[in-house]
Amino acid sequence: MSALSDQLVTFAILAYLIAMISHAVEYALGNARARTVAAPARELVGAGVGAAGGTTTQAPATGTPTPAERTAARARLAGRIALGATAVAALLHLAALVTRGLAADRMPWGNMYEFVLTVSFIGAAGWLGVLWKRPSLRRLGLFLTLVMVLLLATAELVLYTPIVPLVPALNSYWFIIHVSTIVFSSGIFLLGVVPAVAYLMRAGWEQGRRSFPYTLAKRMPEAAALERLTFVLHAFAFPVFTFAVIAGAIWAEAAWGRPWGWDPKETWAFISWVVYAGYLHARATPSVKRNVATWLAVLGFLTVLMNLFGVNIFFEGLHSYGGLD
């Protein structure tokens, strides 16, 4: 099962890569619009029939598609391929997690490798849910699939850890409660940072900025739609993240005899909570510009990455379960 899980992760990376390339093709061609120019009717002036005489009008013939029509058709095909490849990648991703859990005889959240696999799957599944509700946002798929490829490749090449039993401190029912909510909220935060960055670029493009990276936003959805999606995702994830932090404190009390000890992971979780709370407060304050608030959302995800990678790699503490030497 462990070997099957590893193979499924590789296939998932390839499927996400196909989806990313297809999205890139759609993104490049999608600005074309089919422009059908009706051919003018040709009047044939001939000899009159009887005393009436007159003209005969020939209906315009249906010609071959114009270059713009062909380009638009190719863009639509690439978009459909991208969606299909993303769905297949998510299914392979899920299968890799399930087989990993079956091989380990536990939930697959025991180290950084498994955690990154699960968080990225939550982000991909959430993206498919967003697309189901808002198909007009499909072009964001280019950036989402890019993130998926980078995360899974990093997990496979850098973070990979053979299956080992859980350390004794994790053998608790709180493992399911605390880690599942942390994983879920982190996955939604991962999804939320994609429209946040896209909004900052698109807003700059709409304000007339034509330098890099604003040129990447030329064919993105409207800035207002991206900003609303950013807010909805963060407003949904923040209460779950808050519960996860509280559950962690309760678990710490049971396991270590104190609810809070300023362990590096606890400290960075608190920093993330403060930054995300600041984002939601700024978003609800009319005097705060939307781009300022959105920068807080981006900063919040950077603190999440620090907690996931930086703390496990550079710090020692009671939460050192990354599995890296």
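The values are calculated or read from the model by the stated rules, or taken from the named source; none is laboratory data. Note that the coordinates shown come from a computational prediction; the quantities given were computed from them, not determined experimentally. For neighbour counting, all protein chains shown are included, and Cβ atoms are generated from backbone atoms with ideal geometry for every residue, glycine included. Only protein heavy atoms, including side chains, enter the accessible area calculation; ligands, DNA and RNA are left aside. Shrake-Rupley method; radii C 1.70, N 1.55, O 1.52, S 1.80 Å.
Figures for the structure shown
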| read-out | value |
| --- | --- |
| Residue ID - modelled with the lowest pLDDT, chosen from residues in the range 63-86 that are in contact with a helix residue (DSSP H, G or I) (Cβ under 7 Å, 6 or more places away or on another chain) and either charged (D, E, K, R) or under 19 Å from residue 119 (Cβ atoms) (or both) | 74 |
| Filtered residues of the range 255-275 (kept if assigned to a loop (DSSP other than H, G, I, E, B) and either of a type in the set (S, T, N, Q) or open to solvent by less than 60 Å² (accessible area, probe 1.4 Å) (or both)) | 257, 258, 261, 263 |
| Selected residue (criterion: farthest from residue 178 (Cα to Cα)) from residues of the range 139-159 that are open to solvent by 10 Å² or more (accessible area, probe 1.4 Å) and in contact (Cβ under 8 Å) with a residue 60 or more places away in the chain | 139 |
| Residue selected from the range 160-191 under the condition open to solvent by 70 Å² or more (accessible area, probe 1.4 Å) and part of a loop (DSSP other than H, G, I, E, B), by the criterion nearest to residue 119 (Cα to Cα) | 160 |
| Condition met for residue 283 (more than 24 Å from residue 170 (Cα to Cα) and not β-branched (Val, Ile, Thr)) | yes |
| Odd one out for residue 136 among (1) in a helix (DSSP H, G or I); (2) in contact (Cβ under 8 Å) with a residue 24 or more places away in the chain; (3) open to solvent by less than 60 Å² (accessible area, probe 1.4 Å) | (3) |
